[in-house]
Structure formats: structure tokens, C-alpha cells
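Quick notes on the structure that follows.
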Amino acid sequence: MTNPFDPDLQNTLDALHAAAGADAAKWAAGTGSADPAANASGGGDLVRLGDFFLAVSPEQGRFLYQMVRATGARCIVEFGASYGISALYLAAAVRANGGRLITTEVHPDKCRALKETFTRAGLADCITLLEGDARETLKQVEGPVDLLHLDGWKSGYLPVFELLHPQLQTGALVLADNCHHEAAQDYLNRVQDPQSGCLTTIQGELAVSCVVAGAGCGEPA
């Protein structure tokens, strides 16, 4: 299989995926539930979730990379970096497209780890990390945005989407992970509404929306 990643990036991804593999056992030991991501609704214990990766799998990461490369996206915004696995796949792809990634994280310990991870992977030059509440930090983002990745607190999906909707150009993609979480239902209702300006399909746990009308930045350049 062709590998588009250089050794620094691949080694960083391998180490992060290995560490993330322990999430389910750690969460089950403390809560009796096997899936920490299923509990990341936005109203839980931020400090307790700070130890968990809440990460995409290698297959999901490669899918993100493919989507960015195939669409030629040059401005990507991510809500919820956690420890940076999805951000690395997105950043590798957007750098190859000549663009950059803006990602967000609210947990201070994760922010410190993210900076080290991005440097170790050789991608720090094309990633902007916004630290703090994304509903505030993303107010500074200027469009046009080509792709929005929603993978943070599920109750934050709709507020972040509404905040960035004026910056999404026609043809932009919005990818929302864990979309069946009950806290993401208001977001799904919004993007599946016939008046939303989005065409949305559900692929497993991923909601894929294409902005077809109504965004603020018009047609792609």
C-alpha cells in the first residue's frame, strides 16, 4: 500500500495510535463503559476526559487524508484536536494541497502535548492551534473555509457550525464524527433540514455534508 507520509509523521502516528488503543480499557476500568467518545457530550468532566485520546482509527485517518487531497481543500478548520491524531492526517493532506489547518482544543494538558506532537511530526509550520473554548476562539477565523471537521464535544457541533457557516464556501465539506450521539441530534436536524443549504449523507458514525447553497463566501476561487 502506498504510504504518503514521511518517517517522522508515520512514526508519530504509530506511537499515538498505540497509545490511543488503551482508551477503552482505561475508561471501562473507571466507569464501566467501554467507549469514552460516546460520553463526550460537552456536559461532562473535562478533567477526567483529559487523559483520553478520543481518537480516529488509522482507517478513519486515511479517509480524512483522502477527502482533503481529493477535494483540494486549502483551508481546514477542526473542532476538537484531543491529542492530535486526526489533526496530523488533515495537516499532512492540506500541506500537500498548499494550505493550512486551524485546529482547536480546550484542555490545557492536551494543548501542551499537541505542540510537541506537531513539531515531532514535522507539521507545525502548517497548523494553527487555537487554545480555549472553540466557540470563542473560532470567531477569529476568516473564510473561505473548504472543510470543517467536527470531532469535539458533541453538544458543540451546532454552535461551531453556526459560527463558521458564513465562512463556508459553496462546495465546502463538513465532516461530523460520532454523529449519532444524542448530544449531536440538534446538529443533525440542522444539516438534514431541506432549508439548511447542505446535502447530508450518513456513513456509519460520520455525517458528511456538502454546502450547496447559502454559505457566506460564495463560489470557490
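Excluding ligands, DNA and RNA, what is the solvent-accessible area per residue of segment 84-189 at a probe of 1.4 Å, expressed in Å²? Intermediate values should be presented prior to the final figure.
Working: 3810 Å² over 106 residues.
Accessible surface, normalised per residue, equals 36 Å².
Could you rank the peptides 170-176, 76-82, 6-12, 199-205 by their average count of other C-beta atoms within 10 Å per residue, with the highest value first?
On the way: 170-176: 22.4, 76-82: 28.1, 6-12: 14.7, 199-205: 12.4.
Ranked by mean Cβ neighbours within 10 Å, highest first: 76-82, 170-176, 6-12, 199-205.
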How much length, in nm to one decimal, is gained on full extension between ALA213 and GLN140, taken as 0.36 nm per residue of separation minus their Cα-Cα distance? 24.0 nm
Within segment 1-22, name every residue whose backbone N is under 19 Å away from a label modeled 7 Å from Cα of ASP125 along the Cβ vector. 4-12
Kindly sort TYR83, TYR89 by accessible area of their heavy atoms, largest first, with the probe set to 1.4 Å. TYR83, TYR89
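How large a share of the accessible area of segment 54-113, in percent, is made up of carbon and sulfur atoms when the probe is 1.4 Å and the other protein chains stay in place?
Numbers: 1110 of 2150 Å².
Solvent-exposed carbon and sulfur of segment 54-113 make up 51 percent of the total.
Report the antiparallel proportion of the DSSP beta bridges in segment 88-221 as a percent, rounded to a multiple of 5. Intermediate values should be presented prior to the final figure.
On the way: 10 of 20 bridges.
Looking only at bridges with both residues in segment 88-221, the antiparallel portion is about 50 percent.
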Give me the accessible area of SER86, 1.4 Å probe, in Å² rounded to the nearest 10. 10 Å²
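Using 0.36 nm per residue of separation minus the Cα-Cα distance, give me the extension gain between THR201 and ALA96 in nm, one decimal. Kindly include the intermediate steps, with their values, before the conclusion.
Working: separation 105, 0.36 × 105 = 37.80 nm, distance 2.69 nm.
Gain in length upon complete extension: 35.1 nm.
Counting pairs of alpha carbon atoms under 8 Å apart in space and at least six apart in sequence, what relative contact order in percent does segment 70-221 give? Write down the numbers at each step before the final one.
Working: 306 pairs, mean separation 31.6, N = 152.
Worked out over segment 70-221, it gives 21 percent.
Carbon-plus-sulfur fraction of the accessible area of segment 132-221, 1.4 Å probe, in percent?
Working: 1970 of 3990 Å².
Carbon and sulfur together cover 49 percent of it.
Note down the net charge around ALA184, summing +1 for each Lys or Arg and -1 for each Asp or Glu among other residues with Cβ under 12 Å from its Cβ. Numbers along the way, then the final one.
Working: positive: LYS154, ARG190; negative: ASP151, ASP177, GLU182, ASP186, GLU205.
Surrounding charge for ALA184 is -3.
The values are calculated or read from the model by the stated rules, or taken from the named source; none is laboratory data. Just so you know, these numbers come straight off a predicted model, no measurement behind them. Backbone-built Cβ (ideal geometry, glycine too); neighbour counts: all protein chains shown. In case anyone asks, the SASA skips ligands and DNA or RNA and just uses the protein heavy atoms, side chains included. Shrake-Rupley method; radii C 1.70, N 1.55, O 1.52, S 1.80 Å.
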